[in-house]
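Working notes for the structure below.
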Amino acid sequence: MATHRQVLQWLENELFDGHLVLGQQLPSDRDLAAIHRVSRNTMREALKTLEAQGIVRLFDGPRKSILPMLVREPAASAGPALQLHMATSDYPLRDIVQTRVLLETWALERSDPEHPAMAELRALLEQMARDDLSLKEFHHLEVSFHIALCKTAGNSVVSALMSSLRDSIYEYTMALVGHVPLWSTTSERLRAEHHAIYSAVAAGDRGLASRLVAEHIEYQYREAGVDPDQEQRTPGPAPDAPAELVPPGAAGERAEAAGEQPEAAGDGAGGGPTPVPRSA
């Protein structure tokens, strides 16, 4: 298990047992390294990951030590347990699809076109329009786009629930890519659908936005020939899954992904929170 997930599990246990509370200062990086039997550098990297996920804030301590503190925000109170369980559990594809539709349609039916997350959505759309994106980068951005959509409802718990699905959504969508007929065509369709959903939210048409996002989520699996109602837990590997987005007009519609495996996306990639600067 990665060190940051090991620390996350430890935090979860300490919170549930009542040994920690939100806003409490944690042991220093040196002490945490000793507790988890890893090097101090490894622990520092793990703490930086947890800081990027919004679970801890890091402060400079005496003798060049780092002092982490659990954040107090409402979304973060559910974060440690949710992110741990969703990142390390193997859920049926059907359950992921149904939960996404439930959360995203609920959020868009209550979306606010003036919410600050609209600026984040615009920025993500601009980034996804680039032709030089790798497949992984595109899907990191796509997951961030759907998380930002949920933010427009202004419900911090719903946002936290959607954020906890980041790894699962990324892994499933990456696995589906090798099953679509032409990735270049699919990528253009995804971009167009993202813009349509955003435009509906911006126009205040909540019903249309909710319907579009449900169709968008469900069609991804139908296009790949995968039935989300089956009990399968993965769409299965595809040997010819493309490694890069292919710009329109480029030679060849599919790129080879020789030996490339999907990676988890929960470590702040793809538009994650900006780490909080440490203070002396």
Matching option when the condition is within 16 Å of the chain's Cα centre (by Cα), of a type outside the set (Asp, Glu) and either within 18 Å of Arg191 (Cα to Cα) or open to solvent by 20 Å² or more (accessible area, probe 1.4 Å) (or both), among Arg166, Arg122, Arg130: Arg166
Residue count, segment 174-195 (criterion: modelled with pLDDT of 85 or more and either among the small types (Gly, Ala, Ser) or open to solvent by less than 10 Å² (accessible area, probe 1.4 Å) (or both)): 6
How many of the residues in segment 16-42 are in a loop (DSSP other than H, G, I, E, B) and among the polar types (S, T, N, Q)? 3
Among (1) touching a Pro at 6+ places or on another chain (Cβ under 9 Å); (2) over 20 Å from Thr99 (Cβ atoms); (3) open to solvent by 30 Å² or more (accessible area, probe 1.4 Å), there is one condition Tyr198 misses while meeting the rest; what is its number? (1)
Where residues in segment 37-53 are within 26 Å of the chain's Cα centre (by Cα) and without any contact (Cβ under 8 Å) to a residue 40 or more places away in the chain, which of them is nearest to Leu67 (Cα to Cα)? Arg44
Among the listed residues Ala251, Ala148, identify the single one that is aliphatic (A, V, I, L, M) and either open to solvent by less than 20 Å² (accessible area, probe 1.4 Å) or modelled with pLDDT of 80 or more (or both). Ala148
Filter segment 2-48 down to residues that are on the phi > 0 side of the Ramachandran plot and open to solvent by 50 Å² or more (accessible area, probe 1.4 Å), then give me how many there are. 2
Among the residues of segment 68-127, which ones are part of a loop (DSSP other than H, G, I, E, B), modelled with pLDDT under 90 and of a type outside the set (Phe, Trp, Tyr)? Val71, Arg72, Glu73, Ser89, Asp90, Pro92
Across segment 140-154, what is the number of residues that are part of a helix (DSSP H, G or I) and under 18 Å from Ala214 (Cα atoms)? 10
Do we have Leu212 as modelled with pLDDT of 95 or more and either open to solvent by 20 Å² or more (accessible area, probe 1.4 Å) or at positive phi (or both) here? yes
Output the qualifying pairs, or none if there are none: Cβ atoms under 7 angstrom, residues six or more apart or on different chains, first residue in segment 2-19 and in contact (Cβ under 8 Å) with a residue 40 or more places away in the chain, second residue hydrophobic (A, V, I, L, M, F, W, C) and not in a helix (DSSP H, G or I). Thr3/Val38; Leu11/Leu20
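The values are calculated or read from the model by the stated rules, or taken from the named source; none is laboratory data. Fair warning: this is a prediction, and the values are worked out from it, not measured in the lab. So basically every Cβ, Gly included, is an ideal-geometry build from the backbone, and we count neighbours across all protein chains shown. Surface areas here come from the heavy atoms of the whole protein model, side chains and all, with no ligands, DNA or RNA. Shrake-Rupley method; radii C 1.70, N 1.55, O 1.52, S 1.80 Å.
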